[in-house]
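See below for the structure under consideration.
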Amino acid sequence: MELRNLRALVEVAKAGGFSAAAKALGTTQSTVSKAILQLEHDCGVQLIERLGRGIRLTDAGEIVLRRAGNMLSERDHLISEIGELQGLQRGKLKIGLPMMASSVLFARLVAAFRKRYPLIEVELSEQGSRRLEDDVRKGRIEMGASLLPISEDFDWRIVREEPLMALLPVEHPLSGRASVTLAELSPCPTILFEEGFVLNHVILAAFRRRKLVITDVGRSANADFMIAMVAAGLGITFLPKLIVSAREHRSIRVVQVEEEDMWWRLALIWRKGSKLSPAAQRWLEMAAPA
């Protein structure tokens, strides 16, 4: 069983087809198809069902895919460790960054990491926290980021803690206040993030603990668009203080939320019990010093 064939399976599953996988791998569709056939021969079972407009993994295919991610990740770790043993600083680091706050928290850090370790290839993936958690579980990335509370599937280390602020239209009755409670905000139409964002669960859980109802009037994956919708008078929203501080907000009002569980606590996560590659260890030391 060859690792390149496992890589082909991972890319076919990720891309949803042979043509897109071939493009991602920089090879031909027939080469990818042969790799999958060889892998199926090695495993003795069918791994992929070819459909009219795509593919579907069989039950056996799902098992092999899960193991393939781990095996390919271990290969990258092996190469990194051998490089370190030889006194080199080369290797590959696959990390996932949150769509929100990555520009504020991680842009300079990535630049500093590349400057310090120029021979380490950094492969970035920017997704919502739920997707990043899934990518870490399946070995697509070595380290991701998510909000507390963190699943028992992961080891983790806190990167940043920020209070959640309420963003209100200027004409809102509470816009002149220095702070507000969730009970006061409960009747307000609220703009939330899309489903893949763990921040939604933090906010909704805080409302549920107080037996309050939240009125969901829209969802977005873009903080700037959410701020624009608040400015247009559609409703209110909640964002971490550092996100708000990095943007101008003349047409909205930013108010402190007086609730101890309305906090944005971001942590770096990796598979529980796994040994981090040298590159990942260096990233962790720079991003979240112990």
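The values are calculated or read from the model by the stated rules, or taken from the named source; none is laboratory data. Please read these numbers as outputs of a predicted model, since none were measured by experiment. Neighbour counts are summed over all protein chains in view; Cβ atoms, including those assigned to glycine, are modelled from backbone coordinates with ideal geometry. SASA here: full protein model, heavy atoms, side chains in, ligands and nucleic acids out. Shrake-Rupley method; radii C 1.70, N 1.55, O 1.52, S 1.80 Å.
Within region 104-120, work out how many residues are under 17 Å from M143 (Cα atoms) and without any contact (Cβ under 8 Å) to a residue 40 or more places away in the chain.
Kept after step one, since they are under 17 Å from M143 (Cα atoms), are these residues of region 104-120: 105-107, 109-110, 113-114, 120.
Adding the requirement that they be without any contact (Cβ under 8 Å) to a residue 40 or more places away in the chain leaves 107, 110, 114.
So the count comes out to 3.
Taking the condition of being without any contact (Cβ under 8 Å) to a residue 24 or more places away in the chain and under 24 Å from the mean Cα position of the chain (by Cα), how many residues in region 175-200 meet it?
Filtering region 175-200 for residues without any contact (Cβ under 8 Å) to a residue 24 or more places away in the chain gives 184, 200.
Remaining after also requiring under 24 Å from the mean Cα position of the chain (by Cα): 200.
Residues flagged as without any contact (Cβ under 8 Å) to a residue 24 or more places away in the chain and under 24 Å from the mean Cα position of the chain (by Cα) within region 175-200 amount to 1.
Determine which member of the set A15, A8, A24 is within 20 Å of D76 (Cα to Cα), open to solvent by 10 Å² or more (accessible area, probe 1.4 Å) and under 30 Å from the mean Cα position of the chain (by Cα). Can you show your working first?
Values: A15 fails: within 20 Å of D76 (Cα to Cα); A8 fails: open to solvent by 10 Å² or more (accessible area, probe 1.4 Å).
Residue meeting the stated conditions: A24.
Could you check I214 against (1) within 14 Å of L164 (Cβ to Cβ); (2) modelled with pLDDT of 95 or more and say which number it fails?
Status for I214: all satisfied but (2).
Quick check on region 89-98: of everything there that is under 30 Å from L164 (Cα atoms) and out of contact with any Phe, Trp or Tyr (no Cβ under 8 Å at 6 or more places or on another chain), which residue is most open to solvent (accessible area, probe 1.4 Å)? Let's see the steps before the verdict.
First, the residues of region 89-98 that are under 30 Å from L164 (Cα atoms): 94-98.
After this cut, where a residue has to be out of contact with any Phe, Trp or Tyr (no Cβ under 8 Å at 6 or more places or on another chain) as well, the list is 94, 96, 98.
Working: K94: 28, G96: 2, P98: 8 Å².
Per the criteria, the residue is K94.
Taking region 233-252 as the region of interest, how many residues are modelled with pLDDT of 95 or more and either closer than 13 Å to T181 by Cα or open to solvent by 80 Å² or more (accessible area, probe 1.4 Å) (or both)?
Selection size over region 233-252: 1.
Can you name every one of the strands (runs of 3 or more DSSP E) wholly within region 201-290 that holds 2 or more residues which are closer than 23 Å to E171 by Cβ? Break it down stepwise before answering.
On the way: elements: 215-220, 237-240, 252-257, 263-271.
So the answer is 215-220, 237-240, 252-257.
Can you tell me which residue within region 62-83, out of those that are farther than 14 Å from W283 by Cβ and at pLDDT below 80, is surrounded by the fewest Cβ atoms within 10 Å (Cβ to Cβ)?
Going through region 62-83, the residues farther than 14 Å from W283 by Cβ turn out to be 62-75, 78-79, 81-83.
The next check asks that each one be at pLDDT below 80; those that pass are 79, 81-83.
Numbers: I79: 15, E81: 15, I82: 13, G83: 19.
Out of the qualifying residues, it is I82.
Among strands (runs of 3 or more DSSP E) lying entirely in region 2-101, which contain 1 or more residues that are out of contact with any strand residue (DSSP E or B) (no Cβ under 7 Å at 6 or more places or on another chain) and either aliphatic (A, V, I, L, M) or within 28 Å of I269 (Cα to Cα) (or both)?
Details: elements: 48-51, 54-57, 91-98.
Where strands (runs of 3 or more DSSP E) fall fully within region 2-101 and carry at least 1 residues being out of contact with any strand residue (DSSP E or B) (no Cβ under 7 Å at 6 or more places or on another chain) and either aliphatic (A, V, I, L, M) or within 28 Å of I269 (Cα to Cα) (or both), they are 48-51.
Just to confirm my filter: which strands (runs of 3 or more DSSP E) fall fully inside region 103-189 and include at least 3 residues that are of a type outside the set (V, I, T), on the phi < 0 side of the Ramachandran plot and open to solvent by less than 60 Å² (accessible area, probe 1.4 Å)?
Numbers: elements: 120-127, 144-147, 154-169.
So the answer is 144-147, 154-169.
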